[in-house]
Every structure is written in structure tokens, then in C-alpha cells.
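Sharing a structure below in C-alpha cells format, with a few things to ask.
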Amino acid sequence: MAGSIDQSLITSTQQLKGKKNGEKDKNKSSVNLKKDRKEMLYGILNERNIRQIQFGVSKRFPTWYGSAVYFDPETKRLGCSESRSQVHSGSNNQYWLDTLFVCEYCFKYTDDQTVFIAHAAACPFQKHAPGKIKYKSPEYTIRRVKGSKYQLFCQCLCLFTKLFLDNKSMYFKVDHYEFYVVYETGSTKPMGFFSKDLVSYQQNNLACILTLPPYQRRGLGSLLIEFSYKLSQLEGVISGPEVPLSPFGLIGYLKYWSRILYWHLIEGDLAHFDKVSLEDLSIVTGMRVSDIILTLKHLNCIGENNQIYLQSLNTWFKSNGAKGNWFKLQDEYLLIDD
Ligand SMILES: CC(=O)SCCNC(=O)CCNC(=O)[C@H](O)C(C)(C)COP(=O)(O)OP(=O)(O)OC[C@H]1O[C@@H](n2cnc3c(N)ncnc32)[C@H](O)[C@@H]1OP(=O)(O)O
């Protein structure tokens, strides 16, 4: 690999972007529909093409999905540098690359272990994580990283996400998004994030969410989802995630929504009402009516005329463990007043 990880990464990401934009310019007159479809499918492959990720020095895990976006579309080489020769089809012809080395602080990537080790020791984000702190509890810190300010960090994060989320389709145009990245308090290693449109016509409070594979099933997805609702409630909007949800996204959201609805209907402010409408629930929870209906159906708690059956909700609660750990976010640690 020629040059440092920083040079080659910046070159490859920007060239890929340039190439894509260039393609678009050339085809300005072509039918818009065709172009949109191409955009949507950009990077999506039927098979995994990178076998595994070496993430930082000590973590290694397999990819979940293929991504063509790291590669030059014509040569399948990582980035666009003509001098690159290391990317190849594996022995079974499935993988274009066996191991992608990814920095666990800034998500820059390379296929060269020596370059990777040199970068890992000197990555500036190891000392200072990007962005502004918006939540800081003794356990977790959430930082807001603006796509317009930390373009390369956000682009690399999006490229990485594609390996674990198949329908992900935004990689380079990060300027109109902000990213909320979660860290263990005191650490500079990102553990998960969600992105949010600066202007969302559907009033989505979350565009895309990922908990990095080594940190999944610890409640971080739920923490980020809770935080996304705090932000939209602060903005005074009834909101929810961008759809469609991935299978894991749906499982995670249904869990979170079920808990929220149970909490408000059985324990909270709506517990003493004789009759609760879907609109009441929406106002109190900040959830969309469509998401409330989906969740109540999932819980088997909704009947004709949208009548809510609390008995079924109690049954669900009995088989879903203690409520002590349900909500992760502690309001006193929020720093979201600007
Ligand atoms: C709008 C969108 O972005 S949709 C796209 C969603 N993102 C993706 O699909 C990317 C890949 N997946 C992920 O990053 C993660 O699986 C996420 C973000 C969906 C969930 O992140 P996690 O940190 O693992 O979630 P968390 O630990 O809070 O789990 C929440 C609930 O989801 C369910 N869940 C999460 N992972 C799994 C799993 N692998 N198998 C079964 N249930 C699961 C569980 O019910 C869990 O609650 P429980 O542990 O109390 O039973």
C-alpha cells in the first residue's frame, strides 16, 4: 500500500465519492428514476466480499453483509489507487478481501497490517474523541458529531456500517446529518451510534442505528433509541425511526416501544385513566400512532375500535423480566439544551 493510512484513506474515500459524482454529472440527462435506483443499490452485493474485520489491535469479527463501496467499482481494489495490488479473490472466489483493518477510534481502513499498526499508535481520535458531549453519566457518554465538521470520520463510520446493515445506502453525503456516538465514559472508543437528518420531511428522529458487534446485547441500542426520543421530544415533535427497519432494528424497537407503552399504561401517567386513546398515548410517549399500533398488535393488546387490553399487557410483563433495567438513560445527565 502506498502512502500512510491517512493519505490513502482520504484519497480513496474522496476519489470514490468523486467518481460517483462524476458518473452522475456525465449522466445528467439520463432518466431520474434509473439514477435513483442505481443510488439505492450502490454498494449492495448478494454475498459478503470482506471476510472479517480486524478492529483495533485486539478485536476481530466477521462481517455480516457485502459492500462494494470500499472498492473501486471497476477493479474491485480497495480505494482507487492504481498501485494497489493486494485485494484479490480468496481461494473460494467469494471474498475480495480476507481482512479489512479498521481503526477503532476513527474508522479509517486499510488492507495493510503494518500501516494499520502505525496508524493505531498515532490516531488523534485516540486522545480526543470528536464532537460535543450531549449526555454524560458515570457509565456512558454520547457525543454529537456533525457530518459537516467531521466529514471523513462520518463517511468512514457509514462505510463500516454497511458491513452490518444491508439496506444502508448513505455513505458520502454526510453534511446533512449529525451522528450521536456512544462511548464508555472516559474512553474514546466508539461503541455504537445513530445518525439523524438535520432536516427530515418525515420528522424521523433516527436515520440509521448500529451497535458495533463487540458491544451488542448490552443495552446500548436501547440507550441510543431512548436518547433519540429525548431529542425529538425536546423539539416538540411526535417522531420515530426511518423505515424500513432491519430485522434487528425491528426487534430492538419493538422491545423499546413495548416497555414504553407498558410503563405509561400500567405504571405511569396514564395508569389511572378509564379509557386511553392512541392519540393520548402518542402525545405522552412521543411515538407515532402507527408505531403504537404495530407494538400493541405485536403484544396482542389491541382489539376492535382500537381498544387496548391491559390484561394482555400485564401478561406480557410477567414473561418479560424485571423492569429495573428497562430504561438506561438518566435525565440528570442530559446536556441537550442547545
Ligand atoms: C432505522 C434503522 O437504522 S434499522 C437498522 C438497525 N440496525 C441494524 O440492523 C444494524 C445491526 N444491528 C445492530 O446494530 C443492533 O442489533 C441493534 C442496534 C439493532 C440493537 O443494538 P443492541 O445494542 O444489541 O441492542 P440492545 O442490547 O439494547 O437490545 C435490545 C433488544 O433487542 C433484542 N435483540 C438485540 N439483538 C438481538 C439478537 N441478536 N437476537 C435476538 N434479540 C436481539 C433483544 O430483545 C434486546 O433486549 P434484551 O437483551 O433485553 O432481551
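The values are calculated or read from the model by the stated rules, or taken from the named source; none is laboratory data. Only a predicted model underlies this, so the values are computations on that prediction, with no experimental measurement involved. Note that we place each Cβ from the backbone using ideal geometry, even for glycine, and neighbour counts take in every protein chain shown. The area values use the complete protein model at the heavy-atom level, side chains included, leaving out ligands, DNA and RNA. Shrake-Rupley method; radii C 1.70, N 1.55, O 1.52, S 1.80 Å.
Given R₀ = 35 Å, FRET efficiency for residue 133-residue 176 by Cβ-Cβ distance, to 0.05?
0.95
Just to verify a number: FRET efficiency for residue 315 and residue 216, C-beta to C-beta distance, R0 = 41 Å, to 0.05?
Calculated value: 0.90.
Oh, and also: Extension gain residue 330-residue 284, at 0.36 nm per residue separation less the Cα-Cα distance, in nm?
So the chain would gain 14.8 nm between residue 330 and residue 284.
How do 178, 74 stack up against each other in accessible area, from largest to smallest, with a 1.4 angstrom probe?
Ranking 178, 74 by accessible area, largest first, yields 74, 178.
Same structure again: Take the Cα gyration tensor of the stretch 247-319, multiply each eigenvalue by 5, square-root it, and list the three semi-axes largest first, rounded to whole angstrom.
In descending order, the three semi-axes are 17, 14, 12 Å.
Another question about this same structure. Distance from the Cα centre of the stretch 57-75 to that of the stretch 163-220, in angstrom?
First find each Cα centre; the distance between them is then 18 Å.
Using 0.36 nm times the number of residues separating residue 293 and residue 201, minus their current alpha carbon distance, what extension gain do you get?
Contour length minus the Cα-Cα distance gives 30.9 nm.
Going highest first, how would you order 152-159, 284-291 by mean Cβ packing within 10 Å?
152-159, 284-291
Right, here's the next one. Just by accessible area at a 1.4 angstrom probe, what is the order of 272, 119 from largest to smallest?
The residues order as 272, 119, largest area first.
Can you list the equivalent-ellipsoid semi-axes of the stretch 170-286, largest first and in whole Å, using the square root of 5 times each Cα gyration tensor eigenvalue?
One finds semi-axes of 27, 18, 13 Å for the stretch 170-286.
Under a straight-distance cross-link criterion of Cα-Cα below 15 Å, which aspartates and glutamates are reachable from residue 196, leaving out those fewer than 8 residues away in the same chain?
175, 178, 226, 235, 242
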